[in-house]
1. Only residues that are under 31 Å from the mean Cα position of the chain (by Cα), among the polar types (S, T, N, Q) and closer than 26 Å to V145 by Cα: list them for segment 25-65, please.
2. Counting only residues that are part of a loop (DSSP other than H, G, I, E, B) and within 24 Å of E320 (Cβ to Cβ), which one in segment 242-263 is most open to solvent (accessible area, probe 1.4 Å)?
3. Based on this model, can you work out whether I419 counts as touching a Ser or Thr at 6+ places or on another chain (Cβ under 9 Å) and at pLDDT below 85?
4. Every residue in segment 112-146 that is part of a strand (DSSP E or B) and either among the acidic types (D, E) or open to solvent by 40 Å² or more (accessible area, probe 1.4 Å) (or both), please.
5. If D160 satisfies every condition in (1) in contact (Cβ under 8 Å) with a residue 12 or more places away in the chain; (2) more than 39 Å from the chain's Cα centre (by Cα) but one, which is the exception?
6. List the number of the failed condition for I109; all other conditions in (1) part of a loop (DSSP other than H, G, I, E, B); (2) surrounded by 15 or more Cβ atoms within 10 Å (Cβ to Cβ) hold.
7. Counting just the residues of segment 264-282 that are over 14 Å from T340 (Cα atoms) and part of a strand (DSSP E or B), which one comes out least open to solvent (accessible area, probe 1.4 Å)?
8. What pairs come up if the first residue lies in segment 463-476 and is buried (at least 17 other Cβ atoms within 10 Å of the Cβ), the second is in a loop (DSSP other than H, G, I, E, B), and their beta carbons are under 6 Å apart, counting only those six or more places apart or on different chains?
Amino acid sequence: MAIFAACSTTSRLAEGEVLYTGVKKIQYNQLDSVDIDSDVKDLIFSAVNVKPNNPLYSPYIRSPFPIGLWVYNHWDENSKGLKGWLYKKLVAKPVLISRVRPQTRVNMINELLRNNGYFDSNSSYTLNYNDKNNKKAKITYEVNVKAPYTLGDITYVNEDTPLTNLIDSVARKNQYFKTGSRYCLDSLNNVRIDIANQLRNRGYYFFRPEYIEYLADSVTQKGIINMQLVKSANIPNQAYTKYLANDITVRVDDEVIGGLPDTVVAKYCTIIKMQPVHISDNLINSCIRGRKGRPFRVGNMDLIQMYLARTGIFSNINIEAIPLDTLLDNGYGLIDLDITCTLDKPIEVKVEAKATTKSTSFIGPGLGVGIKHKNIFGGAEQLSADLTASYEWQTGKGNAYKNSDFNSYELGLEVGLSIPRLIAPRFIDRARRYTNWTKFSIGGDFMNRPNFFKMARVSAEMTWEWHSRKYSQHKLTPFKLTYSNLLSTTEAFDSAYFSNRAIAQSFDDVFIPQMSYTYTLDRTFGKNNFVWSTTVTEAGNLCYLIWRACGVEKGNMHILYTFFSQFIKAHTQFVWTRQLFGEHKLVARLFVGAAHAYGNSEEVPYMEQFYIGGSNSLRGFSVRSVGPGSYRPQIIDRDAYYDQTGTFKFETNLEYRLPLVGYLKGAVFLDAGNVWLLKDDQFRPGGKFEGKNFFKELALNTGVGLRFDMEMIVLRADLGIALHAPYDTGKKGYFNIPKFGDGLAFHIAIGYPF
């Protein structure tokens, strides 16, 4: 008893105070055998969802470790030093029943029931005191549900005027405002808002939702409410007037006051530029929506605001609608638009010292220096230059089933020009509501793998990125040329290089002329989010056809005396996220990819091959320590890294993510996958893909992880536990890791794995 008293979380409660320990349940009693609608249940849940101390799943489940309450009850709030600091960080005042105010919650539930048509329904509450401590109690809410009232006869305004005819037309099309719909006050208000929005987008700029009212009759028949749509008695004359769009004036100035104004009459607006402002007239003109003489649409103001903002060159945008005093002969009014835009500073410089992490499980400090001009030619074109430097080491190593130390440093420079429009054939289906980009870049990097090799790569690329629909994104690279040059090697690398022809060819100096296309679909359905991304890449085919047309034989095709690579590569990925409850999520991923070299090449370039393992893949293994297939290097050393890639990859992951404390999140995961070769390699026996061996050659691991998720950045630590290796480990059975310690791999990374 002394132990329990010492650990009490209610010892400081005053007489009559009761600690709230959550909601025991919400009991729904179906008095008319009619269940309450799920959306109303969600509202009721929100009304009673008061978090108890140390909630795990509010308001039902609490953590068994009430540290904050224990500190509140047993530590002195006047403590100094470390104990005082800990007190302030850990203490949590008790949440009392008196603060939860369950009767107020019941009143809220009753109001929700009435507002949603459950007029004859009611609720109550009961305190469930703890059997061992009557200073603790849970709350049970009981909701007695009777059949809801529904809409009966619907009567419209029916005054046969342009305004009322439009009101009636919009109301008739509303899916809720129909006979048989459940009475819902929020839905009725939404009908009024929908009518007002439609009218304001058809010229009736001054119309407001409160100008529509309802007359309800619930006397005629029990459970039925007849509704009549009527106009308010206090509608001002302006609300009856239809307005047409008139002149649009756009004033562009700088953050620093410029000189004299320069006025340009463009196709859709008048532009006043305060010199020396540097901006394209076409850019401003392309952002204007609404044409002079057409009905004034409020939605066009929102579109203009969005289009101007997405250029990224303005620090402030202000749009004002100005109705003119005079009316036209037909009774229509006119509205001018006055738009003021302030240019932001064009030069943006960034210097970042950061920890970097890659899908290859390399992590280390990095430095990035970048400079960007956001409006280089006056049309929101972005010219950027980025210099990067990093030192990296591999995570997830440390035993016989992981590769040994493999560190590197890398330097890179990239210069890019991004144009915020699609300079592409018109037949490409593009959505104007989104920014579509044409991008050019040229860059190079130098990579040093100590004890192995030094490599340099340069590349030039042109890419189109656009949306065709809200959920569909496209990326097409019609031209990319990469040159890879192996500058120097070590004796350790040469031993692997010359003993395996496949490795040698994949590292040869080579030009890679590529074209690629990526499609991404991102949709959300209720609590489910689904992202599908597919990329198809081809290299060398156009060059091959041109060279063949010129009579050049296979094997003699070069660019500047260097062979060019010819292959095709495709991969697809599905990521499904299910919101379970609160911040609890279940995330699954499936990845499948294949690559095949032909024509002018016998092997796919090393940088284009697939690998597996590491912090974003099989977390029970280090990067490239699995595969291809059941192949395993005879001598486990750092040279083995180079031959554990493949031309076919299958990987699947399942991860349960849950909140812990504050920014700290947890995860439990299961990973499976491998890479294979699509053709035989005598130096890598067991590496070729064969369907009969597919399942037994899937590496499998589980594990747990911690994530420090601050939204802007996520720091991640995963402890992977290998369960099955696809090669012979000396232990029989499916779970063939000889020792538990041999199967552990620890990874530190930035961001979620998928």
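The values are calculated or read from the model by the stated rules, or taken from the named source; none is laboratory data. Computed from a prediction, not measured in an experiment: that's the story for all the values here. All Cβ positions, even for glycine, are placed from backbone atoms using ideal geometry, and neighbour counts span all protein chains on display. SASA here: full protein model, heavy atoms, side chains in, ligands and nucleic acids out. Shrake-Rupley method; radii C 1.70, N 1.55, O 1.52, S 1.80 Å.
1. S38, S46, N49, S58
2. Ranking the qualifying residues of segment 242-263, first place goes to I257.
3. Considered against the rule, which asks whether it is touching a Ser or Thr at 6+ places or on another chain (Cβ under 9 Å) and at pLDDT below 85, I419 comes out as no.
4. N122, S124, Y125, T126, L127, N128, Y129, K136, K138, E142
5. Tallying (1) in contact (Cβ under 8 Å) with a residue 12 or more places away in the chain; (2) more than 39 Å from the chain's Cα centre (by Cα), D160 fails exactly one: (1).
6. (1)
7. Looking at the filtered set, the residue picked out is V264.
8. W464/L422; W464/A424; W466/L422; W466/R430; W466/N436; H467/A431; H467/Y434
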